[in-house]
1. For the chain, with only Lys/Arg (+1) and Asp/Glu (-1) charged at the beta-carbon, what is the dipole magnitude about the Cα centre, in debye rounded to 20?
2. Hey, can you find the accessible area per residue of the chain for me, probe 1.4 Å, expressed in square angstrom?
3. Kindly provide log₁₀ I(q)/I(0) values, in the same order as q = 0.19 Å⁻¹, from the Debye equation applied to equal alpha-carbon scatterers of the chain.
4. Along Cα→Cβ, 7 Å out, is where each label goes; now give me the distance between the ones at Q23 and L74 in nm to one decimal.
5. Counting only protein heavy atoms, what percent of the accessible surface of the chain is carbon or sulfur at a 1.4 Å probe?
6. How about segment 1-66: which GluC sites (Glu not before Pro) there are in a DSSP loop, with at most 11 other Cβ atoms within 10 Å of their Cβ?
7. Work out the charge dipole of segment 17-80 with +1 on the Cβ of Lys and Arg and -1 on the Cβ of Asp and Glu about the Cα centre, then indicate which of I17, L74, Y29 is farthest towards its positive end.
8. Dipole of the chain (Lys/Arg Cβ +1, Asp/Glu Cβ -1, origin at the Cα centre): which of M47, S2, S63 lies farthest to the positive side?
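The values are calculated or read from the model by the stated rules, or taken from the named source; none is laboratory data. Quantities reported herein were computed from a predicted structural model and do not represent experimental measurements. Because the Cβ atoms are built from the backbone with ideal geometry, glycine has one as well, and the counts that use them run over all protein chains shown. Ligands, DNA and RNA are stripped out before the accessible areas are found, and what is left, the full protein with its side chains, is counted by its heavy atoms. Shrake-Rupley method; radii C 1.70, N 1.55, O 1.52, S 1.80 Å.
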Amino acid sequence: MSNHLVGIGIGGSFTDIGSSNLQTDAVTYAKTHTHPEELIRSLRDVMGAIGVPSEEVSVLRHSTTVVINAILTLSGSKTV
């Protein structure tokens, strides 16, 4: 049953997550290291840190600062 609201923020160094269980009102937070070359790994790691299976997520919100960090530090891929 889908009963969790989840928010994930992937940053240059850390990935943060907050989850709210709609049935119990329990709130869970976690933080893991970001893997810049494998952002999906960062997402999986942080989801695993709170122990909520993806099938139980009714709403997922995601944000990232990876692109803005690359622009500000001029560390992104070269383009033609």
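1. My answer is approximately 260 debye.
2. Heavy-atom accessible area per residue stands at 70 Å².
3. -0.77
4. Distance between the two pseudo-spin positions: 5.4 nm.
5. 58
6. Within segment 1-66, the qualifying GluC sites (Glu not before Pro) (loop, at most 11 other Cβ atoms within 10 Å) are E37, E38.
7. Final value for the positive-end residue is L74.
8. Final value for the positive-end residue is S63.
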